There are 6 protein chains.
Amino acid sequence: MAKRSSKTASKHGRALKPRTQATAGDDTVITALHLPSEKPSPEMAAYFAKCEEKLGFVPNVLKAYAFEMTKLSAFVAMYNDLMLAPSGLSKLEREMIAVAVSAHNRCYYCLVAHGAAVRRLSGDPALGELMVMNYRAARLSRRERAMLDFAVKLSAEPWRVEEEDREELRRAGFTDRDIWDIAAVAGFFNMSNRVASATDMRPNSVYHGQAR
Amino acid sequence: MAKRSSKTASKHGRALKPRTQATAGDDTVITALHLPSEKPSPEMAAYFAKCEEKLGFVPNVLKAYAFEMTKLSAFVAMYNDLMLAPSGLSKLEREMIAVAVSAHNRCYYCLVAHGAAVRRLSGDPALGELMVMNYRAARLSRRERAMLDFAVKLSAEPWRVEEEDREELRRAGFTDRDIWDIAAVAGFFNMSNRVASATDMRPNSVYHGQAR
Amino acid sequence: MAKRSSKTASKHGRALKPRTQATAGDDTVITALHLPSEKPSPEMAAYFAKCEEKLGFVPNVLKAYAFEMTKLSAFVAMYNDLMLAPSGLSKLEREMIAVAVSAHNRCYYCLVAHGAAVRRLSGDPALGELMVMNYRAARLSRRERAMLDFAVKLSAEPWRVEEEDREELRRAGFTDRDIWDIAAVAGFFNMSNRVASATDMRPNSVYHGQAR
Amino acid sequence: MAKRSSKTASKHGRALKPRTQATAGDDTVITALHLPSEKPSPEMAAYFAKCEEKLGFVPNVLKAYAFEMTKLSAFVAMYNDLMLAPSGLSKLEREMIAVAVSAHNRCYYCLVAHGAAVRRLSGDPALGELMVMNYRAARLSRRERAMLDFAVKLSAEPWRVEEEDREELRRAGFTDRDIWDIAAVAGFFNMSNRVASATDMRPNSVYHGQAR
Amino acid sequence: MAKRSSKTASKHGRALKPRTQATAGDDTVITALHLPSEKPSPEMAAYFAKCEEKLGFVPNVLKAYAFEMTKLSAFVAMYNDLMLAPSGLSKLEREMIAVAVSAHNRCYYCLVAHGAAVRRLSGDPALGELMVMNYRAARLSRRERAMLDFAVKLSAEPWRVEEEDREELRRAGFTDRDIWDIAAVAGFFNMSNRVASATDMRPNSVYHGQAR
Amino acid sequence: MAKRSSKTASKHGRALKPRTQATAGDDTVITALHLPSEKPSPEMAAYFAKCEEKLGFVPNVLKAYAFEMTKLSAFVAMYNDLMLAPSGLSKLEREMIAVAVSAHNRCYYCLVAHGAAVRRLSGDPALGELMVMNYRAARLSRRERAMLDFAVKLSAEPWRVEEEDREELRRAGFTDRDIWDIAAVAGFFNMSNRVASATDMRPNSVYHGQAR
């Protein structure tokens, strides 16, 4: 790469200072707030261990919440219920909502972490890219499109969501319980996107290369 | 009232159909989704009982989540930590954030329920109105104003919140932990506003008259 | 109240400075502009007397315009024609438009004064709240909804109002004269909202508690 | 012109239907609402006669309001006070505000009628164009620029106008009375733009060619 | 004109400094960037001569690009193909798109230069004004309206343009090749508007009076 | 993948139809318009051959323009000058502008193709992601940040770009010629984004995996 850069530089008649990485420090300085971690509770210590075992790392969002165990376990409980518990929505569908909402809010942390999840769960790396870039450009089923249209309208103009929007979901085959889950996942990422942006939360760099 | 209406009608030369209440059914049909309540867990049954005892009623948002105990307890755990646990932000400050964010998102449920909380905690009914209408018009301390400016920018354009915004909070006297709490409360209501709007959640009518 | 505050403070481990009222001075310093009142003309003096008699006070907007009698009478003439003269729209309907438009523009003065009017004319306090918060969440007749949709679109994107929008009003039962009146009331509050915001106009504090 | 069109058509291989004028009917069908004119009051008849004498025509906005004399005289009284009475703002400055606000709201009627006024009062036809197109591109004095920045912010986001905005006007040399007048003129055109857009009001075609 | 100004001034009780022209320097200082012109290539010198001969002047945009002949000829080649080569769209239609897009982007240079072109090609001066002010207010054919709606949506929210928008154009009689041309012209002016705004590009003053 | 999906499905109690790829057909149906390619001119045939040789494929955007050689060569001439010719901006900087602008406009084609270019030229895959997601979250030099802030403001609100914005670039070390180049690249992608969105242009699938 250095070679390519210096060639470029000579062509353009100016010296290029070598770039420092755009993501320098992402794995070590997780947020812009100085909040020392609390001693993990046994439950949370076990959860971190499980992350290490299954993913090979602890997602930075968990480390960010670890300054207070009450906050960390509340977050984990809600997250795991929404994203992993049984639902009429598949895990992939829930991750697609996560990314489309995070794209609306242009949230670096969530786009990186959940973009990787979409790539992994779908086995279609480009689907992850499309959710980040513009879900409207993806070849989606009617069900997927209706779900994402609802989630993104709810993110952009929640005050304009009305019965007609719910009816559109029902026409696409969603039950009332499914509608709740779409709303709850979209709502959750509208929260997480803001906590991440407010604190400049940085994703584990390992996500970038996953499931490409 | 009927008398006033008919007088008006005769002046205008047209018959006025008597209005049905704008909030008809708010205490009975809590959302637009048909989700039968699950049998309360002992823990949640106790929590409902405590609500009845202390508030005189169970807030409708809890009834809305009661179709599944896991979801209800995750919501309650996060809510109680954010809004009631010790924090550098007073309870009133947290409720002011709740209402200013909900005003940005024009969320009927949250404006009614948390507007009442601002009135009650401040003893200043007009402060509740101002948070609903336009927090910029209230006579606030520099601290309060900085806090609400951050929370509302984070709601409107999270992608543009940067270090300078955090510095502004620090200059107004907030610690890094306070900044987390502002972000977390603002984030939480960006979630709740959307779950409420997505489901047409209706507030208990008793809130309307509280602490006026 | 002081007692509640100090209890809160001790729980949170920080001293709370007692809040000064968010509306301090609203009844005495009516705008941010120093414009001494002109001697009232006989006509305007009589009008003020009539306000005192019927309402118990002179609305601050009138005092704000009182620095010049020509401006005051022009404002009063237009206001009274639009809001009180015979029309196919009831007085309540005109006040609902006033508040929905003022909510779009987040105008403190107009939301307080006309929110009280909606509560008073409808006998339904929550209707006033709903117009302030999000008219789309109210249980309205088709006629009311069409009227407010038109008024709010006209406030938000006047350049996109076209024949199809007028047709929608006609289909909801409005005559061409009614359409003029909807437009004129919506237009008027788009003016008043801006005069009030430009001058930081403060509503009489008595409005806050009216017709709750 | 016909010749040019047919040449174009042959080059492009398709027949061009001759265009009907984009402003067809503007002088005869003044709004999209069917509201027959009321018999003019003596005062308004005299005013119309004065318009004919001084301008050579009656502005269509007056004809539009002429379905009811009360509304017409209220409009005329407010308009004449704001735009013609003594003020710290010159008539040209008031017309510049009128056009910059109407450009924000993309109002056909007001841009045509008041664009002509700016051209006429300034003797600088291009100034009229610039107010219509983008006032920020005009070579303006600091005073003019501050005045238009305030008026356009007040049109776009009235809820964000605060003391700092008034201070900026004061620093540019405006008195508190001037600030009222800027706000009142900006407010008035935010009203008129909406009445015009709501009714598809058409300007007298004679304006188009004036003072070019 | 000076006479009118001084009269105005005396009425308002303040001295009016005579305005310098809002477009002062437009014919001499073409952009805000100091980029000395390169020696014209023979091809571009011939093109400039042809402009002088046919139009009587060289459009300032060409002088702005003349600091580098490669950039100038690339611009000229693309411009001439898009705006002058055979197409299913007439030259007037292409200029209407140019102005409607430039109105969305409020671009002074392009509105002046292409507004003049619409006036000239249509023989309907008011059509030029309407494209600048609000194309929705013009009396247009269905074909013209569909074309401009597409071009302006593409300018405002390109990410929301989808098959349904193309279908609407097809229903209005456009071929796929026409759709390309609409997109290419709208795209081109979204580029030119930004180059002009970024550099404060000034139109030749002669345009203002053309074809009025 | 099938295995993962079916496991998921069984957990959730509903059958998941296997997804078709979100990018199905991207390499074969390049736009939504049926525009048969013209016979390549010798110059363009040579250019395509050079693409095949250097990149291993012909970028789809070139195939999309290939229905008419004049349009294709005009596009290629402008593109190559802007992105590859000598400039005070490095090639990487120009590609960073391309992606940040395309992210503002949420353009699938340009984000995929130019995101790959940023990854390749920087040797920092995450930099490509950051330009797509939110350039404000990247660790950038002051120069890079100023450049992207200008380009994105120019994309979002070109009418508000003024001398102060150019001054900010000069303070960050850019010459007037550099400012032209930033504007020209930003402008070009505001064009290309719209041509791509208008035609549903699909990127070569090979880009997705490049330089990860």
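The values are calculated or read from the model by the stated rules, or taken from the named source; none is laboratory data. Keep in mind the model is a prediction, meaning the values are calculated, not measured. Using ideal geometry, Cβ is built from the backbone for each residue, glycine included, and neighbour counts are taken over all protein chains shown. Protein only, heavy atoms only, side chains kept; ligands, DNA and RNA dropped before computing areas. Shrake-Rupley method; radii C 1.70, N 1.55, O 1.52, S 1.80 Å.
Being in contact with a Pro (Cβ under 9 Å, 6 or more places away or on another chain) and more than 23 Å from D:Tyr207 (Cβ to Cβ) is the filter; apply it to segment D:9-45 and report the residue that is modelled with the lowest pLDDT.
The qualifying residue modelled with the lowest pLDDT is D:Gly13.
Go through segment B:197-212 residue by residue and tally those that are surrounded by 23 or more Cβ atoms within 10 Å (Cβ to Cβ) and out of contact with any Lys or Arg (no Cβ under 9 Å at 6 or more places or on another chain).
So the answer is 4.
Would you pick out the residues in segment D:201-212 that are in a loop (DSSP other than H, G, I, E, B) and within 14 Å of the chain's Cα centre (by Cα)?
D:Met201, D:Arg202, D:Pro203, D:Asn204, D:Gln210
So which residues in segment B:36-62 are open to solvent by 40 Å² or more (accessible area, probe 1.4 Å) and touching a Phe, Trp or Tyr at 6+ places or on another chain (Cβ under 9 Å), if there are any at all?
Answer for segment B:36-62, where residues must be open to solvent by 40 Å² or more (accessible area, probe 1.4 Å) and touching a Phe, Trp or Tyr at 6+ places or on another chain (Cβ under 9 Å): B:Pro36, B:Ser37, B:Glu38, B:Pro40.
Among the residues of segment F:181-194, what is the count of those that are under 12 Å from the mean Cα position of the chain (by Cα) and open to solvent by less than 10 Å² (accessible area, probe 1.4 Å)?
The qualifying residues number 8.
Results for (1) touching a His at 6+ places or on another chain (Cβ under 9 Å); (2) open to solvent by less than 40 Å² (accessible area, probe 1.4 Å); (3) under 30 Å from B:Leu111 (Cβ atoms), shown as yes or no for each residue.
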{"residue": "A:Asp124", "(1), (2), (3)": "no, yes, no"}
{"residue": "A:Arg142", "(1), (2), (3)": "no, no, no"}
{"residue": "A:Glu168", "(1), (2), (3)": "no, no, yes"}
{"residue": "A:Ile179", "(1), (2), (3)": "no, yes, yes"}
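When you scan segment B:75-85, do you find a residue that is within 8 Å of chain C (Cβ to nearest Cβ) and either on the phi < 0 side of the Ramachandran plot or of a type in the set (Ser, Thr, Tyr) (or both), even just one?
no
Just wondering, is there one or more residues in segment E:69-85 that are open to solvent by 40 Å² or more (accessible area, probe 1.4 Å) and of a type in the set (A, V, I, L, M, F, W, C)?
yes
Hand me the list of helices (runs of 4 or more DSSP H) wholly inside segment D:32-117 holding 2 or more residues that are without any contact (Cβ under 8 Å) to a residue 60 or more places away in the chain and closer than 22 Å to C:Ala183 by Cα.
D:60-65, D:69-84, D:91-104
Residues being open to solvent by less than 20 Å² (accessible area, probe 1.4 Å) and within 9 Å of another protein chain (Cβ to nearest Cβ): count how many of those fall in segment F:102-120.
Adding up the residues that qualify gives 9.
Take the conditions modelled with pLDDT of 95 or more, in contact with a Phe, Trp or Tyr (Cβ under 8 Å, 6 or more places away or on another chain) and basic (Lys, Arg) and apply them to A:Arg120. Does it pass?
Taking the combined requirement at face value, the residue does not satisfy it.
Where in segment D:121-200 are there helices (runs of 4 or more DSSP H), lying fully within it, with 2 or more residues that are more than 7 Å from every other protein chain (Cβ to nearest Cβ) and in contact (Cβ under 8 Å) with a residue 24 or more places away in the chain?
Answer list for segment D:121-200: D:125-133, D:142-156, D:176-199.
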